[in-house]
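> One structure coming up, written as structure tokens, with questions to follow.
The values are calculated or read from the model by the stated rules, or taken from the named source; none is laboratory data. Predicted model, so just to flag it, every value in this text is computed and none were measured. So basically every Cβ, Gly included, is an ideal-geometry build from the backbone, and we count neighbours across all protein chains shown. Calculation scope for accessible area: heavy atoms of the full protein, side chains included, ligands and nucleic acids excluded. Shrake-Rupley method; radii C 1.70, N 1.55, O 1.52, S 1.80 Å.
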Amino acid sequence: MKNYFSLSMQPREINQISALGLAHCGDAVFELLVRSWLCDSGKLTTKQLHRATVSYVCAPAQAARADRMLPLLTQDELAQYKRGRNAHVHMIPKNATHEQYSKATGLECLFGALYLSGKLERINELFVLTMEDSHAD
């Protein structure tokens, strides 16, 4: 049976997926990390968990995380980020600028590519390094 929690797709397979397809997957990966991080961070009510999650996964917050993450990326990771950032999106939410939404899509594309290639430790490393002081935000 295929284990979808532990994939290890080859780079050529990942490159056949559209940037927005990778961002679709990466959006879920990032949200799961945020939800896990919040649950691990203390006892919050369901309402508080939801509000906090939304505040971290919205495009402006993801764009800020992407800016913090950029200096940490390898050349291959930067290429995946740029692939997502440069993707042609059709609708941008009211709460985000085009630039923020593009950066958020880049972050999601990167996380999607890393997840599908099985690089879970690297995803966690990037997530922790960009979230470590977020409780003060």
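> Condition (residue is within 29 Å of N3 (Cβ to Cβ), open to solvent by less than 70 Å² (accessible area, probe 1.4 Å), touching a Leu at 6+ places or on another chain (Cβ under 7 Å) and not in a helix (DSSP H, G or I)) applied to region 110-120: is it met by at least one residue?
Within region 110-120 (the criterion being within 29 Å of N3 (Cβ to Cβ), open to solvent by less than 70 Å² (accessible area, probe 1.4 Å), touching a Leu at 6+ places or on another chain (Cβ under 7 Å) and not in a helix (DSSP H, G or I)), the answer is yes, since at least one residue qualifies.
> Restricting to region 28-52, name every residue that is among the β-branched types (V, I, T) and either under 14 Å from the mean Cα position of the chain (by Cα) or at positive phi (or both).
Matches in region 28-52: V29, V34.
Per-residue answers, yes or no, for (1) farther than 20 Å from E125 by Cβ; (2) basic (K, R); (3) out of contact with any Lys or Arg (no Cβ under 9 Å at 6 or more places or on another chain); (4) open to solvent by less than 30 Å² (accessible area, probe 1.4 Å):
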| site | (1), (2), (3), (4) |
| --- | --- |
| S55 | yes, no, yes, no |
| C58 | yes, no, yes, no |
| A64 | no, no, no, no |
| M69 | no, no, yes, yes |
| N95 | yes, no, yes, no |
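Condition check ((1) among the basic types (K, R); (2) within 15 Å of A59 (Cα to Cα)) across all residues:
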{"position": "T74", "(1), (2)": "no, no"}
{"position": "Q80", "(1), (2)": "no, no"}
{"position": "R85", "(1), (2)": "yes, yes"}
{"position": "N95", "(1), (2)": "no, yes"}
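> Given the criteria closer than 18 Å to A28 by Cβ, open to solvent by 40 Å² or more (accessible area, probe 1.4 Å), under 16 Å from the mean Cα position of the chain (by Cα) and among the aromatic types (F, W, Y), does Y81 qualify?
No, not satisfied.
> Assess whether H24 counts as being out of contact with any His (no Cβ under 9 Å at 6 or more places or on another chain) and modelled with pLDDT under 95.
Against the criterion (out of contact with any His (no Cβ under 9 Å at 6 or more places or on another chain) and modelled with pLDDT under 95), H24 does not qualify.
> I'd like to verify a number: residues in region 14-49 that are in contact (Cβ under 8 Å) with a residue 40 or more places away in the chain, open to solvent by 50 Å² or more (accessible area, probe 1.4 Å) and small (G, A, S), how many?
Count: 2.
> If you don't mind, another one. Kindly establish whether A87 is modelled with pLDDT under 95, touching a Gly at 6+ places or on another chain (Cβ under 9 Å) and open to solvent by less than 80 Å² (accessible area, probe 1.4 Å).
Judged against the criteria, A87 is a match.
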